[in-house]
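**Student:** Mind looking over this structure? Questions follow.
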Amino acid sequence: MSTGSDPDVPFTELVDLASRALGAGVVATNEDTFADAENLLVAAPAEFRPHTFGHKGQIMDGWESRRRRGVSAEQPHPVDEDHDWVIVRLGAAGVVRGVVVDTAHFTGNHPETASVQAASVPGHPSPAEVAAASWTEIVPRTALRGDSAHLFAVSDPVRYTHVRLNIWPDGGVARLRVHGVVLPDPRELVGLTFDLAAQEYGGVAEDASDRYYSSPHHLNAPGRARVMGEGWETRRRRDKSHDWVRIALAGEGEVLAVEVDTSCFVANAPGWVELVGLGGEGEVVLLPRTRLQPDTRHRYRLPGGAPVTHVRVNVYPDGGLARVRLTGRLTEAGWHGLVGRWVRAVPEAEARAEVIGGLSGAGRNRGPETAGRDAPC
């Protein structure tokens, strides 16, 4: 089963917080004898190749634990409390909106049930510190089917940094996806310019005219596109219109520099691109219609000054882009908005006080270009 986006399940259109491209990783697991837990985070859908056997049996594309046994000949079966688990550090901390537990190709060896927990652990904790954290159940223990993608909507306003997948009593899971809204730590962005469109800071490609060949979510993904399929490509237009993507920024900001990357698009790059900012003052042209070259990284400095919350990338007439980077800085309103979202999502009162105090102090020490953005107290 594929764990890609499903238009009938809105949360699958959100960023996968457990993406290795964002920096996610397996922190710990109690058992992965048959197949490594790291396979859970592979971006591609799980594959199955019959008759590919290693010294531990059929090679499976997923996480698979050994068969559990009881404590004695009289009690050969595991008790209900016996289960396996894996802890994943999210690549980007955020508010979880949905989880996908995919048992693709596990048809006689999938778990009977599973649950998902989440925790918020600041800094760079050790595996022991993460395991000892306070965990909240975001997906209750639920029966699983073999060779199936199980989609669970989550309603929890807390910002989490780690998740733990529990399976009973043992078995195999192919992929784990944790979709949600990225919420960066404001303390890491004080006084800085950064890519306002980037997924890792909360940017979202929220709408597009066309996604026939590939997703617009690739445009603000981390890193560079390695192949054409890792960018955004539209179908060939047969009318006189054009294609576009609308990107919601991390917060209201001033865009100071732009990179429009057509790498890997050799015979199907757009002829021209235009960037239009959207904000409280209406539309403003950030980059007028500009000629593009195929397979090229185009960089442009902008005058700045116009506060925008969204940027619409217009391409003429159609074609594909690998990446779009929008380097800039948050406005005062954008800064207060980010801090407010953070404060409301921090789980512990003590941490909330630390955040507010730390950002207030940082605000007094920022440079003149960012002065006046102190956190609300």
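**Student:** For segment 135-274, what does the alpha-carbon gyration tensor say about shape, rounded, prolate or oblate, given a ≥ b ≥ c as the root eigenvalues, a/c under 1.5 as rounded, and a/b over b/c as prolate?
**Tutor:** On the way: a/c = 2.55, a/b = 1.46, b/c = 1.74.
It comes out oblate by the Cα gyration axes.
**Student:** If we sort 189-195, 127-133 on the protection proxy, mean other Cβ atoms within 10 Å, highest first, what's the order? Don't skip to the end; give the middle numbers.
**Tutor:** Numbers: 189-195: 17.4, 127-133: 14.3.
So the order, starting with the most tightly packed, is 189-195, 127-133.
**Student:** Turning to a different aspect of this structure: For the Cα atoms of the chain, what angle does the longest principal axis make with the long axis of helix 332-345, in degrees from 0 to 90, nearest 10?
**Tutor:** 10
**Student:** Right, here's the next one. Tell me the net charge near Phe265. Cut-off is 12 Å between Cβ atoms, Phe265 excluded, with +1 for each Lys or Arg and -1 for each Asp or Glu. Walk me through the intermediate numbers first.
**Tutor:** Numbers: positive: Arg297, Arg323; negative: Glu230, Glu233, Asp261, Asp295, Asp318.
Net charge in that neighbourhood comes out at -3.
**Student:** What 222 nm value per residue comes from the helices of the chain, counting each DSSP H run with n ≥ 4 as -39,500 (n - 2.57) and dividing by all residues, nearest 500 deg cm²/dmol? Working shown, then result.
**Tutor:** Working: 3 runs with 35 residues, N = 377.
Theoretical 222 nm ellipticity from helices: -3000 deg cm²/dmol.
**Student:** Tell me, what is the FRET efficiency for Ala43 and Arg235 to the nearest 0.05, using R0 = 35 angstrom and their Cβ-Cβ distance as r?
**Tutor:** 0.90
**Student:** Taking a cut-off of 18 Å, what percent of all Cα-Cα pairs in segment 1-129 are separated by more than that? Provide the component values of the computation, followed by the final result.
**Tutor:** Details: 5116 of 8256 pairs.
Across segment 1-129, Cα pairs with separations above 18 Å total 62 percent.
**Student:** Report, please, the projected area of the chain averaged over directions, based on the convex hull of its C-alpha atoms, in nm². Provide the component values of the computation, followed by the final result.
**Tutor:** On the way: hull surface 87.2 nm².
For the Cα atoms of the chain, the hull's average projected area reads 21.8 nm².
**Student:** Now for a different question. For segment 194-330, take the alpha-carbon Rg, divide it by the Kirkwood Rh, and send me Rg/Rh.
**Tutor:** Values: Rg = 13.5 Å, Rh = 14.5 Å.
Value, to two decimals: 0.93.
**Student:** Right, here's the next one. Net charge around Ser115, counting only other residues with Cβ within less than 9 Å of its Cβ (Lys, Arg = +1; Asp, Glu = -1)? Could the numbers behind the result be given before it?
**Tutor:** Details: positive: Arg141, Arg164; negative: Glu137.
After counting each charged neighbour, the total is +1.
Read-outs: derived from the displayed coordinates by stated rules, not from any lab. Everything numeric here is computed off the predicted structure, so don't read it as measured data. Using ideal geometry, Cβ is built from the backbone for each residue, glycine included, and neighbour counts are taken over all protein chains shown.
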